[in-house]
Amino acid sequence: MGRSQRKMLAEEELLHRQALSMALHQHQLSRRFDGSMSRRIGSTSCRRHTDPLANNDKKVLESLEKIKFKKIILLHGEGFGAWCWYKMIAHLEEVGLQPTALDLTGSGIDLTDTNTVTTLAEYSQPLIRYLENLPEDEKVILVGHSSGGACLSYALEHFPEKISKAIYLCATMVSNGQRPFDVFAKELGSAERFMKESQFLIHGNGKDKPPTGFMIEKHLMKGLYFNQSPTKDVALAMVSMRSTPLGPIIEKLSLTPEKYGTGRRFYVQTSDDCALSPDVQEKLVRENPPEGVFKIKGSDHCPFFSKPQSLHRILIEIVQIP
């Protein structure tokens, strides 16, 4: 790595730490109530939830204390990193759960060049290592955001015995033979067209070679991802977002009923999402039905920023489902 590249990475890390400190301070100053909606598959109506931690604090904490598997692994989506979960980590730790946010390969503070990450297995390597090192008698709950849903599906196929529940957060919950990119086809067009025409593509091996990654321009990110998020969380994202390797999201997943099909899947929908529209999320749920579906009203594509308390309550509810 050259001196100029090391200097640039050091400057980016300093900016990231400053923005994270600012966002943490803001979070401590304002924790407001958010409303959420949830429903189960097969139900035609939604019911409004009161805040279980506010109205039934002792009972909820006692219930969580009895839960056998308390480890929750948080996986970010395209361009994000472990840093995006800072609010959720604080909330989950407060109720005695054990959250861990991972940087996927080439994301967050992982220094791997994203242009060298070509497969979903390579991209998911931090999660794979974590699951491989998990004691035999332990299981974890996985939460995957956006394109991170593909990593959840990959893990369910390869480590079904180590996953208690998989929670897709406005995520790419694809069926067998689908590519994560296919989920965004309505917004971005076909993968083939995107590979030829998109201005977001990165050609890490030269313009005459196939694209290796992509990154949405920052002035467009705000409208796509953060249309309901606090200003200081958007500032954190603007200095922390990185490019995403292209290979993992255009790779077709091989998912079997014997492995992936035995997993307990849940889906959390976001009702004011401009990156993955509510219609597309409904289509994913309809074509590949999970065990339960939950909705967060008024959330953009990043509920961990825009509706953290609503997301927290839904995660707690799913954790408690026997």
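Structure above, values below:
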item	result
Per-region count, region 219-252, residues farther than 23 Å from Asp110 by Cα and among the hydrophobic types (A, V, I, L, M, F, W, C)	3
Which numbered condition Asp103 misses (of (1) open to solvent by 20 Å² or more (accessible area, probe 1.4 Å); (2) more than 13 Å from the chain's Cα centre (by Cα))	(2)
Residue match in region 195-215 (condition: over 27 Å from Leu111 (Cα atoms) and of a type in the set (D, E, K, R))	yes
Check on Leu224, open to solvent by 20 Å² or more (accessible area, probe 1.4 Å), more than 21 Å from Leu315 (Cβ to Cβ), of a type in the set (A, V, I, L, M) and under 16 Å from the mean Cα position of the chain (by Cα)	yes
Those residues of region 63-88 which are out of contact with any Pro (no Cβ under 8 Å at 6 or more places or on another chain), in a helix (DSSP H, G or I) and among the aromatic types (Phe, Trp, Tyr), in sequence order	Trp83, Tyr86
Qualifying residue in region 253-273 (condition: assigned to a helix (DSSP H, G or I) and out of contact with any helix residue (DSSP H, G or I) (no Cβ under 8 Å at 6 or more places or on another chain))	yes
Number of positions in region 274-289 that are surrounded by fewer than 19 Cβ atoms within 10 Å (Cβ to Cβ) and part of a loop (DSSP other than H, G, I, E, B)	4
Matching entry among Thr244, Thr270, Thr256 (being buried (at least 21 other Cβ atoms within 10 Å of the Cβ), touching a residue at least 40 places away in the same chain (Cβ under 8 Å) and out of contact with any Cys (no Cβ under 9 Å at 6 or more places or on another chain))	Thr244
In region 294-310, residue nearest to Val234 (Cα to Cα) [restricted to those that are assigned to a helix (DSSP H, G or I), open to solvent by less than 10 Å² (accessible area, probe 1.4 Å) and not hydroxyl-bearing (Ser, Thr, Tyr)]	Phe305
Residue check, Glu251 acidic (Asp, Glu), over 21 Å from His91 (Cβ atoms) and crowded, with 16+ Cβ neighbours inside 10 Å	yes
Count of region 219-234 residues which are of a type in the set (A, V, I, L, M, F, W, C), assigned to a helix (DSSP H, G or I) and within 17 Å of Ser271 (Cα to Cα)	1
The one condition in (1) open to solvent by 50 Å² or more (accessible area, probe 1.4 Å); (2) not in a loop (DSSP other than H, G, I, E, B) that His91 fails to fulfil	(1)
Selection within region 245-262 - more than 21 Å from the chain's Cα centre (by Cα) and among the polar types (S, T, N, Q)	Thr256, Thr262
Hits in region 135-162 (condition: open to solvent by 10 Å² or more (accessible area, probe 1.4 Å) and in contact with a Lys or Arg (Cβ under 6 Å, 6 or more places away or on another chain))	Lys139, Glu157, Pro160, Lys162
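The values are calculated or read from the model by the stated rules, or taken from the named source; none is laboratory data. Computed from a predicted structure; not experimentally measured. So basically every Cβ, Gly included, is an ideal-geometry build from the backbone, and we count neighbours across all protein chains shown. Ligands, DNA and RNA are excluded from the accessible area calculation, which covers all protein heavy atoms including side chains. Shrake-Rupley method; radii C 1.70, N 1.55, O 1.52, S 1.80 Å.
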